[in-house]
Amino acid sequence: MRGTFAVTAVVTAVGITPTAATGAPNPPPPANNDPVAQYNQLSEQANALNEKINAANVDLTNKQALARKASGDVAGAQQAEQAAQAQENTYLIQVDQLAGASYEGARFNQLSALLTGTSAKDYLNRASDLQNLATENSDALNKLGAAVNTAHAAELRAQNDLKTAQDATAAATALKTQLAQQAAALQAQIAPLIAAKNRLNAQQQTALATTGVTGTFIAPAGIRGAAMNIALAQRGKPYQWAGAGPANFDCSGLIVYAYAQAGMPGLPHSAADQANLGVPVSQANLQAGDLVFFDNPIGHVGVYVGNGLMVDAAHSGTVVRVEALFPGYAGARRLGP
């Protein structure tokens with residue numbers, strides 16, 4: 001996001017509302033005495049942190065999903081381990097029985113069959129039985145070995161899945177703490193931001209709420225063009241921190257909404273994460289519908305509409321509008337054909 005955030009926003013991920021901040025220092029006031037410049041500078045500071053929180057929320061969702069999957073894998077691995085152990089016990093009993101029978105004299109070798117046989121036919125029958133018994137004993141031993149290996153592999157898998165689940169849960173917990181700290185720091189900027197906004201006269205506040213450059217913007221075919229037209233259709237709707245439509249937006253929320261309505265739902269609500277989608281595009285090869293990114297690290301995103309212009313949700317006090325590409329251009333990505 002570029003600029004400020006809506007002072008009525010709620011940090012839903014950690015339950016923070018915009019009340020007087022405690023434990024976090026207020027940012028230094030801008031040196032420029034121009035109230036609009038002060039407002040915009042505070043907006044930049046707030047939005048940079050806002051976008052970090054958006055990215056952290058995406059990361060938290062991913063880590064929580066990994067923890068849930070890993071926990072499910074643990075249960076599956078433990079069931080597989082129990083089944084393998086049961087199979088191992090079954091074959092162990094069979095091998096023990098065969099071994100006991102051999103010990104008791106129930107197994108004969110080929111020589112004893114020859115010496116005790118009453119006829120050539122009797123010898124052949126006994127020899128055939130001996131061969132079957134030997135094969136049975138060998139099969140039982142092989143199955144026992146396979147069952148032991150399967151049980152051991154299942155045990156290792158259960159241990160690995162358990163560690164993965166524990167690590168993912170710990171990472172998600174640490175990230176929640178980080179989000180709370182970032183939300184407190186963001187909240188600390190509310191008071192000076194309100195003060196800066198109150199220094200703006202009616203004309204200055206009206207100028208912030210303009211829909212920007214007017215005209216006709218030709219969108220390409222396909223989902224990229226559809227998303228561009230949907231973003232343009234949101235012009236005039238207010239900026240709000242963490243907004244993702246349909247009534248208000250922040251910069252990455254506008255992209256999430258436009259592409260979801262165009263048929264590509266599920267984009268991450270984070271400019272930094274959106275900067276990894278699609279394919280990279282050089283600035284010289286920008287086309288209408290491309291996503292354009294700004295700042296280092298990435299702190300703002302808009303939809304390019306041609307002629308050096310983009311449609312975006314810039315900052316608090318403004319509305320979705322068409323404006324020139326910002327300084328600090330960081331790259332572009334193309335989603336869809």
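Structural remarks
- Considered as a group, the residues in segment 314-337 that are part of a loop (DSSP other than H, G, I, E, B), at pLDDT below 95 and open to solvent by less than 30 Å² (accessible area, probe 1.4 Å) include one that is farthest from Ser252 (Cα to Cα), and that residue is Gly317.
- The condition (being assigned to a helix (DSSP H, G or I), open to solvent by 30 Å² or more (accessible area, probe 1.4 Å) and at pLDDT 85 or above) is satisfied by just one residue among Ile194, Ile230: Ile230.
- Tally of residues being surrounded by 14 or more Cβ atoms within 10 Å (Cβ to Cβ) and at pLDDT 75 or above across segment 130-156: 1
- Residue in segment 161-169 that is open to solvent by 80 Å² or more (accessible area, probe 1.4 Å) and not in a helix (DSSP H, G or I) present: no
- Residue in segment 268-279 that is over 22 Å from Thr61 (Cβ atoms) and of a type outside the set (Asp, Glu) present: yes
- Meets criteria (of a type in the set (Ser, Thr, Tyr) and open to solvent by 20 Å² or more (accessible area, probe 1.4 Å)) for Tyr259: no
- Extreme residue, nearest to Asn47 (Cα to Cα), among residues of segment 170-191 that are β-branched (Val, Ile, Thr) and modelled with pLDDT of 75 or more: Thr177
- Any chance Gln261 is polar (S, T, N, Q), assigned to a helix (DSSP H, G or I) and within 22 Å of Thr216 (Cβ to Cβ): yes
- Here is the figure for segment 269-279: residues that are in a loop (DSSP other than H, G, I, E, B) and open to solvent by less than 30 Å² (accessible area, probe 1.4 Å) total 2.
- Flag for Gly117 being touching a Phe, Trp or Tyr at 6+ places or on another chain (Cβ under 8 Å), modelled with pLDDT under 70, surrounded by fewer than 17 Cβ atoms within 10 Å (Cβ to Cβ) and small (Gly, Ala, Ser): yes
- Taking residues in segment 292-305 that are acidic (Asp, Glu), and partners anywhere that are surrounded by fewer than 23 Cβ atoms within 10 Å (Cβ to Cβ) and modelled with pLDDT under 95, the pairs with Cβ atoms closer than 6 Å and at least 6 places apart or on different chains are Asp295/Gly328.
- Unique residue being within 23 Å of Gln234 (Cα to Cα), of a type in the set (A, V, I, L, M, F, W, C) and over 22 Å from the mean Cα position of the chain (by Cα) when the list is Leu277, Leu267, Leu286: Leu286
- Segment 280-304, subset among the aliphatic types (A, V, I, L, M) and either part of a loop (DSSP other than H, G, I, E, B) or modelled with pLDDT under 95 (or both), residue surrounded by the fewest Cβ atoms within 10 Å (Cβ to Cβ): Leu286
The values are calculated or read from the model by the stated rules, or taken from the named source; none is laboratory data. All of these numbers come straight from a predicted model, not from anything done at the bench. Every residue, glycine as well, gets a Cβ built from its backbone with ideal geometry; the counts of neighbours run over all protein chains shown. Only protein heavy atoms, including side chains, enter the accessible area calculation; ligands, DNA and RNA are left aside. Shrake-Rupley method; radii C 1.70, N 1.55, O 1.52, S 1.80 Å.
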